[in-house]
Amino acid sequence: QVQLVESGGGLVQAGDSLRLSCAASGRTFDSYVMGWFRQAPGKEREFVAAISCGGGVKKYADSVKGRFTISRDNAKNTVYLQMNSLKPEDTAAYYCAAGHLYQCGSVYYSPSDFGSWGQGTQVTVSS
């Protein structure tokens with residue numbers, strides 16, 4: 001499995017922006033679909049965004065469309081989540097995830113489709 005380390009979380013006010021980063025290990029980063037998920041206390045882990053192996057296809061949860069942007073830099077083994085216009089309901093632990101190696105035909109959105117997970121970074125948005 002690929003090792004993933006998230007960074008960039010913090011405590012911000014509603015309307016502010018944050019950019020999360022996820023650094024991946026290995027030499028096959030461009031052979032993984034990458035995604036971001038989040039989980040608030042007492043809730044299921046939910047899909048936020050995903051990006052195809054080459055970066056050409058992106059998917060977003062309806063709740064973040066127009067506000068969040070996922071991107072990746074395969075040369076740097078890094079995937080990003082730019083979060084704008086943050087709302088209190090965005091408060092959660094955010095997790096970076098990698099799909100299964102060479103499974104690049106589709107962009108996935110279910111937690112079960114991702115085999116590697118980071119430890120998470122906390123995003124707290126005050127009202």
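Brief remarks follow.
- Counting lysine pairs in the chain that sit 8 or more residues apart in sequence, or on different chains, and whose Cα atoms lie under 24 Å apart gives 8.
- Histogrammed with a bin width of 10 Å, the alpha carbon distances of the chain distribute as 15, 50, 29, 6, 0 percent, first bin at zero.
- Cut-off 13 Å between beta-carbons: net charge of the residues surrounding Arg45, Lys and Arg +1, Asp and Glu -1: -1
- Solvent-accessible ranking of Tyr94, Tyr109, largest area first, probe 1.4 Å: Tyr109, Tyr94
- Label-zone membership for segment 19-48, site Ser85, 7 angstrom Cα→C-beta point, backbone N under 17 Å: 19
- The chain, accessible surface, carbon-and-sulfur percent (1.4 angstrom probe): 45
The values are calculated or read from the model by the stated rules, or taken from the named source; none is laboratory data. Here the structure is a predicted model, which is why all the values come from computation and not from measurement. Cβ: placed from backbone, ideal geometry, glycine included. Neighbour counts: every protein chain shown. Side chains are part of the model used for accessible areas, which takes the heavy atoms of the whole protein and leaves out ligands, DNA and RNA. Shrake-Rupley method; radii C 1.70, N 1.55, O 1.52, S 1.80 Å.
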